[in-house]
1. Give the residue, chosen from 202, 170, that is outside any helix (DSSP H, G or I) and in contact with a Phe, Trp or Tyr (Cβ under 6 Å, 6 or more places away or on another chain).
2. Please go through (1) under 21 Å from residue 217 (Cβ atoms); (2) in contact with a helix residue (DSSP H, G or I) (Cβ under 8 Å, 6 or more places away or on another chain); (3) open to solvent by less than 50 Å² (accessible area, probe 1.4 Å) for residue 250 and return the number of the only condition it doesn't satisfy.
3. Would you say residue 303 is loosely packed, with under 13 Cβ neighbours inside 10 Å and in contact (Cβ under 8 Å) with a residue 60 or more places away in the chain?
4. Is it the case that the stretch 481-493 has a residue that's outside any helix (DSSP H, G or I) and within 26 Å of residue 155 (Cβ to Cβ)?
5. Scan (1) out of contact with any Lys or Arg (no Cβ under 7 Å at 6 or more places or on another chain); (2) in contact (Cβ under 8 Å) with a residue 12 or more places away in the chain; (3) open to solvent by 70 Å² or more (accessible area, probe 1.4 Å); (4) within 22 Å of residue 467 (Cα to Cα) for the single condition residue 311 breaks and write down its number.
6. Of these, 443, 415, which one is within 19 Å of residue 459 (Cβ to Cβ) and open to solvent by less than 20 Å² (accessible area, probe 1.4 Å)?
7. Considering only the stretch 353-407, how many residues are open to solvent by less than 30 Å² (accessible area, probe 1.4 Å) and over 20 Å from residue 323 (Cβ atoms)?
8. Applying the selection to the stretch 119-148, what residues are open to solvent by 40 Å² or more (accessible area, probe 1.4 Å) and either within 25 Å of residue 64 (Cα to Cα) or in contact with a strand residue (DSSP E or B) (Cβ under 7 Å, 6 or more places away or on another chain) (or both)?
Amino acid sequence: MSNIHRREFLKDSIFAAAAGFTGLSAGWAFAQGLKHDPLIEEDALGLAALLHAGEISQLELLEIFIRRVEVMNPVLNFMTNEAFDRARKAAGTIPLDTRFAGVPILMKDLIDIGGLRRTDGSRLMLENRPARNVAYVDALEQAGLNIFGQTNVPEMASFIITNNEVFGATRNPWSLDHSVFSSSGGSAVAVASGAVPIAHGTDGAGSNRLPPSATGILGMKPSRFRMRSGEVGGGHDIAKTNHVLTRTVRDSAAAFAETEDLSGKVYQPVGFVQGSSKQRLRVGLVSPDGALMNSESEVLDAQQRAGLLLESLGHTVEEMPWPVDSEAMADAYIKFFAGKVGALKKTVETVSGKPLMESGLLTPLLASNILSSAAYNEKDIAQGRDYLATLEAVFENVFNDIDVLLAPVAPVVAPPLYEHTPQELWSDELAQYSAARLKYTAPVNFSGCPAMSVPLGRSRSTGIPIGSHFIAAKGAERLLYELAYELEESQPWRGIWAPFSLKYIPV
């Protein structure tokens, strides 16, 4: 089955189509002079070292990355907007003494980049072209990263599957019939497929942990206020943070050092964490409780194995309950979301001159969600926010007794690609569906704590990776990075590639 799928993949790729590839065999591709990308094993810092040494030019590397996207995107569909010409103009001008020295990067289509269209995966936003970068994007570019495109998201990051009516559904490179959750789904697939070693993501309820979990890469969500601002005006969202998704710990840690807030107003800078620590940790392993939904057996098995791995490394692991009332959290989050999207109804109807559901500017899913949100008044929304505000103290209490909390990233391995679609109407069932899959990630955003998904497990039935979710006290990113290095060394994942990746697909 794998060979059949791989032949179909090659048949559908832009490069193969241009060459008249008939999909008969991978051997045909090699006979035409196609070959595996010789730089595929290099992470972003490895590529930067080649640039520093003059072994490859910034433009040569960019053209390799563009070819990767042209080969991989037609089937996996992780891209929205290309910025190839913008990147070509920048190539050769980026200082080689920067950390990343001109390594190309893809950005999530959910942040302001000067001169590039920002769509948020919505028809409503197709003409939105910010005039200038937000501070976080400035920091990435100052670090020497060269932006050459943007990655797919669900419409306005409003659902758990990366799919929208403008760009379509993003497929999982481990199983084309599955999604990768959301909302940094396009970025996670770009990294997991080998198109790039580093891509940007935002995390407002789990978006930099859920897609990495389902694709076998590293995803880190920093503490609230830790990073340079990703918002227009320089502020910070109550829940959303910015960071990158990577194949290696050192790439994530290096980008973190380049983009964290150096002012010291909230946290003292961490800098570039470059290795593990001898400190042995007290780890709380979350026991299943069945709230909202029961975790799949493969998810539970993966976390038990992660706990055993930690014990083998000398850490102390004890089971403990998930500290959040998941039912109350689900109710509060729905009310919070209602408060965020309520103004959209007026905007859409003003722009279109039509009722929301008839405007054609939003999908039925988001439009009907907005209408259902109208059932909540200001008092309801305030109650939701008041509950979410209590989560900071809940997690502070947890970390009085332990150093790290280990939980599933999600109760399921990964959703089927079209289990739900943007054409559906919002319902209580869909609200429950989303809340259950955000059970372990969304509360962490409102706590302000950092967390990461580390690729330690794998589904035996589908082969899809299963991340382990490590949560630490506010400001404790150093602790998480040191643990990530130790886990990466003890159970290396860098050389484990998805079937539909450039490790196996010639370009």
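The values are calculated or read from the model by the stated rules, or taken from the named source; none is laboratory data. This structure is a prediction, so every number in the text was calculated from the model and none was measured. For neighbour counting, all protein chains shown are included, and Cβ atoms are generated from backbone atoms with ideal geometry for every residue, glycine included. Surface accessibility is based on the protein's heavy atoms, side chains included, excluding ligands, DNA and RNA. Shrake-Rupley method; radii C 1.70, N 1.55, O 1.52, S 1.80 Å.
1. Every option except 170 fails the conditions.
2. (3)
3. no
4. So far as the stretch 481-493 goes, no, none of its residues is outside any helix (DSSP H, G or I) and within 26 Å of residue 155 (Cβ to Cβ).
5. Condition (2) is where residue 311 drops out.
6. Criteria check complete, one pass: 415.
7. 12
8. The answer is 138, 141, 142.
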